[in-house]
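The structure appears below as structure tokens.
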Amino acid sequence: MNNIDFQTCIEEILNETRGLIGKGRVADYIPALAEVDPNQVGIAVQTLDGQTFQAGDALVPFSIQSISKVFVFSMVFRAWGDRLWSRMGREPSGNSFNSLVQLEHENGIPRNPFINAGALVSTDCLLSISKNPLKDILSYVRGLAGNSKISYDSVVANSERETGYRNAALVNFMKSFGNIENDVEAVLNAYFHQCGLMMSCVDLARAFSFLANGGINPLNGEQILTQSQAKRVNAMMQTCGLYNESGEFAFCTGLPGKSGVGGGIVAVVPKMFSICVWSPELNRHGNSLVGMKALELFTTRTGISIF
């Protein structure tokens, strides 16, 4: 890794992938995200020895959306341990990330923590152990990223609340099966806020470093997860982290990662570094068009992947 010029590499990839801008579309089904400037691209790499490389709009905060599922899941995985697996599964869904049909067949047990139903269960689990979940999520993410200025975007959270009928249906449906313990509105409020977390590529690359470091936050040495738990989170990101394009992402990049419809994708290389790419325009699967290509180019040119 010492022989790789990360800065030159990400600058070249950023310039090369800019040509894809205009070929995707922003997540306009969430009104607040429809207003985001689609011409932005950022890349950041955070190595475990403390180096940060960045290019383009890597310091611009954006709505992380489903990337937040990894943070909340890791919070409850640390607290609940293997008891979580009675509430959710560990397999790819094969269906839409907000599918109701699958829940019907599987008696209200979500297929994995990274589809919406699974993330809602994670949020419900957090509410069962936290008196102030929104404060605790914010404190947790700020600690991982080393940035006390990270905050929620209330405009995005309200926009999601006003249009989040499918998520409301999912959580009510799971409540009918006994897989939601807390008040439905409280679960939805926490979920919409976590999706509205505003972070930059640099923030996210740093915040995911603990998953590249055996569960230990390299910024302060705090044990976030056990090494075994970190391995399992990475494994689920590999198989379930990019909606119905998880297989394609694994094929093209060879990395565990997590995407969000805000246009961010974060990936990790265990024992080496984490990387985040952000560009708001999405492909038909809901993943960043530029981000997918940029990460494929990155692993191809550097020769670094988990395989």
Checked segment 242-261 for anything out of contact with any helix residue (DSSP H, G or I) (no Cβ under 6 Å at 6 or more places or on another chain) and part of a loop (DSSP other than H, G, I, E, B); matches are Leu255
Looking only at segment 105-120, filter to residues that are out of contact with any helix residue (DSSP H, G or I) (no Cβ under 7 Å at 6 or more places or on another chain) and in contact (Cβ under 8 Å) with a residue 40 or more places away in the chain; which one of those is nearest to Met75 (Cα to Cα)? Gly118
Which residues, taken from segment 1-38, are exposed (fewer than 15 other Cβ atoms within 10 Å of the Cβ) and within 22 Å of the chain's Cα centre (by Cα)? Arg25, Asp28, Tyr29, Ala34, Glu35, Asp37
The residue from Val202, Val156 that alone is at pLDDT below 95, part of a helix (DSSP H, G or I) and touching a strand residue (DSSP E or B) at 6+ places or on another chain (Cβ under 8 Å) is Val156
Taking only pairs six or more apart or across chains, which ones have beta-carbon atoms under 9 Å, a first residue in segment 207-220 that is assigned to a loop (DSSP other than H, G, I, E, B) and modelled with pLDDT under 95, and a second residue that is crowded, with 19+ Cβ neighbours inside 10 Å and not charged (D, E, K, R)? Leu219/Leu144; Leu219/Ala145; Leu219/Ser209; Leu219/Phe210
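Can you tell me which residue within segment 189-204, out of those that are among the aliphatic types (A, V, I, L, M) and under 18 Å from Ala157 (Cβ atoms), is surrounded by the most Cβ atoms within 10 Å (Cβ to Cβ)?
Met199
Filter segment 216-233 down to the residues that are surrounded by 17 or more Cβ atoms within 10 Å (Cβ to Cβ) and either of a type in the set (S, T, N, Q) or touching a strand residue (DSSP E or B) at 6+ places or on another chain (Cβ under 6 Å) (or both), then identify the one that is nearest to Glu91 (Cα to Cα).
Here the answer is Gln229.
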Leading residue by the ranking (surrounded by the fewest Cβ atoms within 10 Å (Cβ to Cβ)) among those in segment 205-215 that are within 25 Å of Gly81 (Cβ to Cβ) and of a type outside the set (A, V, I, L, M, F, W, C): Gly214
Exception for Arg284 within (1) free of Cβ contacts under 8 Å to residues at least 24 places away in the same chain; (2) buried (at least 24 other Cβ atoms within 10 Å of the Cβ) falls at (2)
Sort out for me the helices (runs of 4 or more DSSP H) sitting completely within segment 1-90 that have 3 or more residues that are in contact (Cβ under 8 Å) with a residue 40 or more places away in the chain and more than 22 Å from Leu127 (Cα to Cα). 6-17, 31-34
Quick one: count up the residues across segment 57-84 that are farther than 21 Å from Met236 by Cα, surrounded by 24 or more Cβ atoms within 10 Å (Cβ to Cβ) and not hydrophobic (A, V, I, L, M, F, W, C). 1
Is it the case that Leu242 is over 21 Å from Ala294 (Cα atoms), among the hydrophobic types (A, V, I, L, M, F, W, C) and surrounded by 19 or more Cβ atoms within 10 Å (Cβ to Cβ)? no
Filter segment 1-60 down to the residues that are under 28 Å from Asn213 (Cβ atoms) and of a type in the set (Asp, Glu) and list them by number. Asp5, Glu11, Glu12, Asp49, Asp57
Can you name every residue in segment 123-152 that is in a helix (DSSP H, G or I), among the polar types (S, T, N, Q) and over 15 Å from Glu185 (Cα atoms)? Ser139
For segment 111-162, name all the residues that are among the charged types (D, E, K, R) and either in contact with a Ser or Thr (Cβ under 7 Å, 6 or more places away or on another chain) or surrounded by 15 or more Cβ atoms within 10 Å (Cβ to Cβ) (or both). Arg111, Asp124, Asp136, Arg142, Asp153, Glu160, Arg161
Within segment 276-289, is even one residue of a type outside the set (A, V, I, L, M), more than 16 Å from the chain's Cα centre (by Cα) and under 21 Å from Arg90 (Cα atoms)? no
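The values are calculated or read from the model by the stated rules, or taken from the named source; none is laboratory data. None of the values given here were measured: they were computed from a predicted structure. Note: ideal-geometry Cβ built from the backbone for every residue, glycine included; neighbour counts use all protein chains shown.
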